[in-house]
1. Need one number: nm distance between label points at Asp73 and Leu103, each 7 Å from Cα along Cα→Cβ, rounded to one decimal.
2. Given contacts defined as C-alpha pairs under 8 Å and at least six residues apart, what's the relative contact order of the chain, whole-number percent?
3. Would you grab the residues whose amide H sits under 5 Å from the one on Ile84? Only those 5+ places off in sequence or on another chain, please, with H modelled 1.01 Å from N.
4. Okay, helix-only estimate at 222 nm for the chain: each DSSP H run of n ≥ 4 adds -39500 (n - 2.57), divide by all residues, round to 500 deg cm²/dmol; what do you get?
5. So, counting K/R as plus one and D/E as minus one, what does the shell of residues with Cβ under 14 Å around Ala142 add up to?
6. What net charge is computed for the residues neighbouring Glu27, neighbours being all others with C-beta under 15 Å from the C-beta of Glu27, Lys and Arg scored +1, Asp and Glu -1?
7. Rounded, prolate or oblate: which one fits the chain, using the alpha carbon gyration tensor with axes a ≥ b ≥ c (rounded when a/c is under 1.5, else prolate when a/b beats b/c, else oblate)?
Amino acid sequence: MIIGVISDTHDHMENIRKALRIFKDREVRVILHAGDFVSPFTWRAFKDFEGEIYGVFGNNDGDRVLLKKMYGDRIQKQIRKIEIKGKSIALMHEPQMLEDLALSDKFDLIVYGHMHEVDIRKVHNTLIINPGEACGWLYGKATLVLLNLDNLIPEVITL
């Protein structure tokens, strides 16, 4: 099973649509969004995704009331614990206690955002992924990650 890992979309609708096309082409049925959707109108693109979306609020998500209204339970406060196909996942925006969480051996995967740079590494038995910024606003390189959940092999995709 391939899942889509994305973060820091920051209202970049063109890149959101690119990401969603990639997810559709690769038959992704689960998206993990590590925060900073920013505006509720991003739901216009995400609502057509034919699968599950798990997201968390980021530090730049302004109108949380309307974001929650649009996304419903798909977006929650961090740190969010999710289980997919027997894998225990922690989803967060800011890398709060990242190393301690990884060393706890409670998670197979930790996904975070906020830093706008790709970070893929293993700490103890936990895979850590920051997919970088999907918007490309800060560093000029828009990325996402496709993750094979069966073997935890990630693939960085440039938008």
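1. My value for the distance between the label points is 3.5 nm.
2. Numbers: 393 pairs, mean separation 38.7, N = 159.
For the chain, the relative contact order is 24 percent.
3. Correct list: Ile89.
4. Details: 4 runs with 31 residues, N = 159.
Result for the chain, helices only: -5000 deg cm²/dmol.
5. Numbers: positive: Arg17, Lys18, Arg21, Lys141; negative: Asp8, Asp11, Glu14, Asp36, Glu117, Glu133.
Value of the local net charge: -2.
6. On the way: positive: Arg21, Lys24, Arg26, Arg29, Lys85; negative: Asp25, Glu50, Glu52, Asp150, Glu155.
Cβ neighbours under 15 Å give a net charge of 0.
7. Details: a/c = 1.42, a/b = 1.30, b/c = 1.09.
Rounded, since a/c falls under 1.5.
Each value in this text was obtained by applying a stated rule to the coordinates, not by laboratory testing. For clarity, every value in this text was computed on a predicted model and none was experimentally measured. So basically every Cβ, Gly included, is an ideal-geometry build from the backbone, and we count neighbours across all protein chains shown.
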